[in-house]
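The values are calculated or read from the model by the stated rules, or taken from the named source; none is laboratory data. Given the structure is predicted, the values throughout are model-derived calculations rather than measurements. Quick reminder, even Gly has a Cβ in these numbers, built from the backbone with ideal geometry, and neighbours come from all protein chains shown. Just the protein is used for accessible areas: all its heavy atoms, side chains included, with ligands, DNA and RNA removed. Shrake-Rupley method; radii C 1.70, N 1.55, O 1.52, S 1.80 Å.
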Amino acid sequence: MDSSVKLALSFVAGLVLLIATLFTVGCETIEPGWVGVKVNYWGGDKGTPSSLLRGRVPYNKWTTRIYEFPTFTQNVVWTEDINEGSPTDEAISFNSSEGEILKADVALSYSIKEEFIPTIFQELRQDAKYITHYYMRSKVRDCITRHAGKYKAIEMLGEKREQLLIEVLI
């Protein structure tokens, strides 16, 4: 085999290696106010989140995934008004002690402490959007339902409204 054929084969092999590398190596930018968690999908520690990441993060796209979580305050409104937030009715419904169905627009502000992000991911295995719109909404709805069931509808709309709000917040 002459040297030009060896050179061509070496070039093709190098090109294949370069293309394979480009398809497997990714780079994610974790913006300020966000923290990334790298999760391995292969190996003995698969599914376990690694350390918290910031800035430019290189990773293998086939074996790893990066989940991003905000560390700044999140504000969400679940409302009946389709012009505020979601285009669907997201108001939280609950029952009074006499079985009357009531609905409430609910606003929630919260933030995730950075040191708890790996634990939260380990338990829920979801991103921040899921945590806000499904997990947190479910917890808020459960809390309202538990406390509102002690009051009559007229009480919740009048003299016991503030007391109910305090109980739900605690």
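Placing +1 on the Cβ of each Lys and Arg and -1 on the Cβ of each Asp and Glu in region 30-146, which of PHE121, TYR59, GLY33 has its Cα farthest towards the positive end of the resulting dipole?
TYR59
Considering the Cα trace of region 118-170, what is its radius of gyration and what is Dmax, both in angstroms?
Using the Cα atoms of region 118-170, the pair Rg, Dmax is 14.8, 44 Å.
Using the Cα centre as the reference, give the magnitude of the dipole from point charges on the C-beta atoms of region 32-76 (Lys, Arg: +1; Asp, Glu: -1; all else neutral), rounded to the nearest 20 debye. Write out the running numbers ahead of the final one.
Values: 6 positive and 2 negative charges, 30 e Å.
Roughly 140 debye, rounded to the nearest 20.
Ordered by residue, what ³J(HN,Hα) values in Hz, to whole numbers, does region 158-165 give under the Karplus form 6.51 cos²θ - 1.76 cosθ + 1.60, where θ = phi - 60° and Gly and Pro are x?
Working through the residues one at a time gives x, 5, 9, 4, 5, 4, 4, 4 Hz.
Suppose a student asked you for the relative contact order of the chain, using Cα pairs under 8 Å spaced at least 6 residues apart; what percent would you report? Before the final figure, lay out each step's value.
On the way: 233 pairs, mean separation 29.2, N = 170.
Contact order relative to length: 17 percent.
Quick one: what are the phi-derived ³J(HN,Hα) couplings along region 143-149, Karplus 6.51/-1.76/1.60 with θ = phi - 60°, whole Hz, x for glycine and proline?
My calculation for region 143-149 gives 5, 4, 4, 4, 7, 5, x Hz in order.
Determine, for the chain, the count of lysine pairs separated by eight or more sequence positions (or lying on different chains) whose alpha-carbon distance falls under 29 Å.
Number of lysine pairs found: 24.
How high is the relative contact order of region 35-92, in percent, counting Cα pairs under 8 Å that sit 6 or more residues apart? Can you show the working numbers first?
Working: 78 pairs, mean separation 17.0, N = 58.
For region 35-92, the relative contact order is 29 percent.
Could you work out the helix-only [θ] at 222 nm for the chain, with each DSSP H run of four or more residues adding -39,500 (n - 2.57) and the total divided by the number of residues, to the nearest 500 deg cm²/dmol?
On the way: 5 runs with 56 residues, N = 170.
One gets -10000 deg cm²/dmol as the mean residue ellipticity at 222 nm.
Where the accessible area of region 123-170 is counted over protein heavy atoms with a 1.4 Å probe, how much of it, in %, is carbon and sulfur? Each step should come with its number before you reach the end.
Values: 1880 of 3550 Å².
The nonpolar share, carbon plus sulfur, comes to 53 percent.
Give the accessible surface of the chain per residue, rounded to a whole number of Å², with probe radius 1.4 Å and ligands, DNA and RNA excluded.
Values: 11480 Å² over 170 residues.
Accessible area per residue: 68 Å².
Pull up all non-local amide H partners of THR64: gap of 5 or more, or a different chain, and H-to-H distance under 5 Å with H placed in the peptide plane.
Sorted by chain and number, the residues that satisfy this are TYR41.
With +1 on each Lys and Arg Cβ and -1 on each Asp and Glu Cβ, how big is the dipole of region 65-170 about its Cα centre, in debye rounded to the nearest 20? Can you show the working numbers first?
Working: 13 positive and 18 negative charges, 70 e Å.
Dipole magnitude for region 65-170 comes out near 340 debye.
Can you list the HN-Hα couplings for region 95-112, worked out from phi with the Karplus curve (6.51, -1.76, 1.60; θ = phi - 60°), rounded to whole Hz and with x for Gly and Pro?
Result, rounded to whole Hz: 10, 7, 5, 8, x, 5, 8, 10, 10, 9, 7, 10, 10, 9, 10, 7, 9, 9.
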